[in-house]
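First the structure, which I've put down as structure tokens, then a few questions once you've had a look.
What follows is calculated from the coordinates using simple rules that are stated; it is not laboratory data. On a predicted model such as this, the values are computed, not experimentally measured, just so you know. Every residue, glycine as well, gets a Cβ built from its backbone with ideal geometry; the counts of neighbours run over all protein chains shown.
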Amino acid sequence: MAVLGLAWKSLVNRRATAALTVFSIALSVTLLVGVDRLRHEARASFANTISGTDLIVGARSGGIQLLLYSVFRIGSPTNNIAWASYRDLAEHPRVAWTVPISLGDSHRGYRVMGTTTAYFQHYRYGRDRALAFAAGDPFDDLYDAVLGAQVARQLGYRLGDELVVAHGAADVDFTRHEDKPFRVAGILEATGTPVDHTVHVSLQAIEAIHVGWQGGAPMPGFEVPAERLRTMDLTPDEITAVLVGLTSRMAAFQVQRHVNDYPAEPLTAILPGVALSELWNLMAVAENALLVVAAFVVVVGLVGMLTALLASLNERRREMAILRSVGARPVHVFALIMGEAGVLTLSGIGLGLALLYGLVLAARAVMAQHLGLHIAVTAPGGGELVLLGAVAMAGFVVGAIPAYRAYRLSLADGLSIRV
Amino acid sequence: MSDGTTANGQAPAGDAAVIHIRDLAFRWQPRDPVVLALDELVVERGEQLFIEGPSGSGKSTLLGLLAGVSVARQGEVWVLEQRLDAMGAAARDHFRAHHIGYIFQMFNLIPYLSMVDNVTLPCRFSTRRRQQALQRSPSLEAEALRLLRHLDMDEPAFHRRPVTALSVGQQQRVAAARALMGSPELLIADEPTSALDGDRRESFLRLLFDECRASGSTLVFVSHDRSLEGLFQRTIRLAGINGAVTTSAAGG
């Protein structure tokens, strides 16, 4: 329509104000879609804190509790699993692999986890991403340790550095395994999962540093020299939990039932994906609150446009009268202002998306490295298109206010020009 | 020229008048006093009419009625053999777009349009005037430039400058070119020279006369300035024929 060309030229004429309005809408759109995308990525990333593991098995307890201590290293297990039960489970025909883990010690606030090298082979996070070494290799020697990225960065460890493990979660002097220091053999890449906050050692090492201990304290006179331990049988009696991979996903429920009904001792098996989404739902309120805040920022951006358009109307009454004199109908005047609101809103959405993609491209490497958050550069998805559509609709509704006012004014003014 | 009066809804028989007003009594609101009362006003095709009147004599009211922005509830307003007071609002807007060129007292131009875009503006709202412009020139822009040249506004330097940088006299000539664009039958000018000084006033009018003659447009020129009277073929003193003025000085 003829009037849209006029709307465009009018905006170009007031480009400083128009650009500011577009920019404020663009920023709010960037925030809105960014928050939406981030929360989806965070949810996906959280749901994939552990992936590729079909079952997690621990002593009888609640599913979320088992998940919290085995994957997030939060809280403590109520009980352990006997080594014999673990061996029995590993022999199950439907079980492809098992990774035993043993928790209980810590190093300067970071949990120490005993496991086998199978852990580095089978642990998956994100979309089937394996653990990768930033430096060094999996533990080989009895006193080797592999550090999560965060541990190494925060504590400033490099390959070959020595560290002393403390008994329990609290790091106090008299419970340190001072006589058996570990050597940093490997440092993992950041994953954005609790792996980053973990010190990994072998199961045998966990066993070794506790030889001669009883009831959480070293027994005087029973200290065993670190080197002599190398010759001893260090097979543990108990472990904390087991990560289980199955030959087929279909077998998950069958094996879960087998574990839950295990006759020798009370055990619990959970499907990590199910437990993770249960846990995430506990946090859904905060996530939604964030989106609501972002939506309000969009409203603020649009109110800015409303203000700019309304403020310009009075000085544009002369322009309206001129348009009326050449035959424009009041509807044309409405369309002119509406067109300007439309151009401002749509440009704002376009620029906002461009800003978002620019930001994602610029920040994704940093986000992946430091937060382990892998943000894919994809076209706006269904949910985002709905959001953008809602912003456009809101823009048109807001634009209708000054447009209607201009319509009323031009009807009242006719050809008489008031300033 | 008050020949052949007829029944409502039909043009007065054999009347070639561009404007024919009969028995008009206009008030803004039904309870307001009458501000414009005309027994009869006829303007013939091709005429260049000067309507003189002091402020308050009902000039603006008359122009609003002729342009179809205001509607008479009492009496008849015929323009180009169409009865405006019987038309709907949209039809009157279309009618104005197609048939009427309008020049304001001042500030005629839309600041964000170029000089040429200002002149071609009526063609955005009327296909009729677009076609008529294209009959004279190969393109709308060429027609705009032709009109501007006739009004001594073809300096290339003007084209690049924003229209707000033009002098008042230059702006009025661009406004005249816009009013003439697409050869509307009726040109209405509402004190277009009041912001100009004496010499420029007369030269502007002569240009306007020439262009109206060339395009066959009828000119209705409204002003309070009696010194211009001699340049026109015919003068009407609005205060003299407006029956409402004696009782009330409102309107204007």
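Which FRET efficiency value, to the nearest 0.05, is calculated for residue A:16 and residue A:121 with the Förster distance at 45 angstrom and r the Cβ-Cβ distance? Don't skip to the end; give the middle numbers.
On the way: r = 61 Å, r/R0 = 1.35.
According to the calculation, E is roughly 0.15.
Then there's this: Using unit Cβ charges (K, R positive; D, E negative) and no other charged atoms, how large, in debye to the nearest 20, is the dipole of segment A:55-270 about its Cα centre?
On the way: 18 positive and 24 negative charges, 173 e Å.
Taking the Cα centre of segment A:55-270 as origin, the dipole is about 840 debye.
Taking the Cα centre of segment A:55-270 as the origin and placing charges on Cβ (Lys, Arg +1; Asp, Glu -1), which of A:86, A:164, A:253 is farthest toward the positive end of the dipole?
A:253
Contact order normalised by length for segment A:55-270, with contacts defined as Cα pairs under 8 Å and 6 or more residues apart; what percent is it? Let's see the in-between values first.
Numbers: 429 pairs, mean separation 71.1, N = 216.
Relative contact order here is 33 percent.
Follow-up question, since we're still on this one. Over segment A:195-306, what is the mean sequence separation of C-alpha contacts under 8 Å (at least six apart), divided by residue count, expressed as relative contact order in percent? Spell out each step's value before the answer.
On the way: 35 pairs, mean separation 15.7, N = 112.
Reported relative contact order: 14 percent.
Taking H as built 1.01 Å from N, whose amide H comes closer than 5 Å to the amide H of residue A:198, not counting residues under 5 places away?
A:148, A:151
Taking segment A:81-151, which trypsin sites (Lys or Arg not before Pro) meet the DSSP loop condition and have no more than 15 other C-beta atoms within 10 Å?
Working: sites: A:87, A:94, A:108, A:111, A:124, A:127, A:129; in loops: A:94, A:108, A:127.
In loop regions of segment A:81-151 (DSSP not H, G, I, E or B), the sparsely surrounded trypsin sites (Lys or Arg not before Pro) are A:94, A:108, A:127.
So what's the angle, to the nearest 10 degrees on a 0 to 90 scale, between helix B:140-150 and the longest Cα principal axis of chain B?
In chain B, helix B:140-150 runs at an angle near 80 degrees to the longest axis.
Please determine, in degrees from 0 to 90 and to the nearest 10, the orientation of helix B:168-180 with respect to the longest principal axis defined by the Cα atoms of chain B, where the helix direction is its Cα long axis.
Tilt relative to chain B: about 70 degrees.
Something else: When Rg is the radius of gyration of the Cα atoms in segment A:55-270 and Rh is its Kirkwood radius, what does Rg/Rh come to? Don't jump to the answer; show the numbers that get you there.
Numbers: Rg = 17.0 Å, Rh = 17.8 Å.
For segment A:55-270, the value is 0.96.
Dipole magnitude of chain A about its Cα centre, charges +1 at Lys/Arg Cβ and -1 at Asp/Glu Cβ only, in debye to the nearest 20? Walk me through the numbers on the way to the answer.
Details: 33 positive and 34 negative charges, 646 e Å.
I would put it at about 3100 debye.
Under 5 Å between amide H atoms, partner at least 5 residues away or on a different chain: which partners does residue A:129 have, H built in plane at 1.01 Å?
Residues meeting the amide H criterion: none.
Here is a follow-up. DSSP loop chymotrypsin sites (Phe, Trp or Tyr not before Pro) in segment A:193-298 with at most 16 other Cβ atoms within 10 Å of their Cβ, which ones?
Numbers: sites: A:213, A:222, A:253, A:280, A:296; in loops: A:222.
The qualifying sites are A:222.
In nm, give the distance between the simple-model label positions of residue B:39 and residue A:60, each being 7 Å from the Cα along the Cα-to-Cβ direction.
Result for the modelled spin labels: 11.6 nm.
Let's see if you can work this out: charge +1 on each Lys and Arg Cβ, -1 on each Asp and Glu Cβ, no other charges. What is the dipole magnitude of chain B about its Cα centre, in debye to the nearest 20? Please list the in-between numbers first.
Details: 27 positive and 29 negative charges, 128 e Å.
Magnitude of the dipole: close to 620 debye.
I'd like the projected area of chain A, averaged over all directions, using the convex hull of its alpha carbons. Report it in nm² with one decimal. Each step should come with its number before you reach the end.
Details: hull surface 105.8 nm².
For the Cα atoms of chain A, the hull's average projected area reads 26.4 nm².
How large is ³J(HN,Hα) for each residue in segment A:344-350, as worked out from phi by the Karplus curve 6.51 cos²θ - 1.76 cosθ + 1.60 (θ = phi - 60°), to whole Hz, x for Gly and Pro?
After applying 6.51 cos²θ - 1.76 cosθ + 1.60, I find 4, 5, 5, 4, x, 5, x Hz.
I've got another one for you. Helix B:115-125 against the longest principal axis of chain B: what's the angle in degrees, Cα atoms only, rounded to the nearest 10?
For B:115-125 against chain B, the angle is about 50 degrees.
Another question, if that's okay. Under 5 Å between amide hydrogens, which residues at least 5 positions from residue A:105 or on another chain qualify, with H placed 1.01 Å from N in the peptide plane?
A:112, A:168
For chain A, what does -39500 (n - 2.57) per DSSP helix run (n ≥ 4), summed and divided by total residues, give at 222 nm, in deg cm²/dmol to the nearest 500? Mind dumping the intermediate values first?
Numbers: 14 runs with 216 residues, N = 419.
Taken over chain A, the calculation gives -17000 deg cm²/dmol.
Here's something else I'd like to know. I need two numbers for chain B: Rg to one decimal and Dmax as a whole number, Cα atoms only, in Å.
So, for chain B, Rg and Dmax equal 18.1, 56 Å respectively.
From the phi angles alone, apply the Karplus equation (6.51, -1.76, 1.60; θ = phi - 60°) to segment A:324-336 and give each ³J(HN,Hα) in whole Hz, x where the residue is Gly or Pro.
Along segment A:324-336, the couplings run 4, 5, 8, x, 5, 8, x, 4, 5, 4, 4, 5, 4 Hz.
Quick one: 3J(HN,Hα) in Hz for segment A:359-367, Karplus 6.51/-1.76/1.60 with θ = phi - 60°, rounded, Gly and Pro as x.
With the stated coefficients, segment A:359-367 comes to 4, 4, 4, 6, 9, 5, 5, 5, 4 Hz.
With unit charges on the beta carbons (Lys and Arg positive, Asp and Glu negative) and the dipole taken about the Cα centre of chain A, which residue among A:109, A:407, A:292 sits farthest to the positive side?
The listed residue farthest towards the positive side: A:407.
Would you tell me the mean number of C-beta atoms belonging to other protein chains that fall within 10 Å of each C-beta in B:93-105, as a whole number? All intermediate terms of the calculation are to be shown ahead of the outcome.
Numbers: counts 7, 2, 1, 7, 7, 1, 1, 3, 2, 7, 1, 7, 1.
Mean partner-chain Cβ count within 10 Å for B:93-105: 4.
I need the calculated FRET efficiency for the pair residue A:84 and residue A:285, taking r as the beta carbon distance and R₀ as 51 Å, to the nearest 0.05. Please list the in-between numbers first.
Numbers: r = 44 Å, r/R0 = 0.86.
It comes out at approximately 0.70.
Placing +1 on the Cβ of each Lys and Arg and -1 on the Cβ of each Asp and Glu in segment A:279-386, which of A:283, A:305, A:363 has its Cα farthest towards the positive end of the resulting dipole?
Checked the options; the winner is A:305.
I need the GluC sites (Glu not before Pro) found in segment A:119-205, filtered to DSSP loop residues with at most 14 other beta carbons within 10 Å of theirs.
Sparse-neighbourhood loop GluC sites (Glu not before Pro): A:178.
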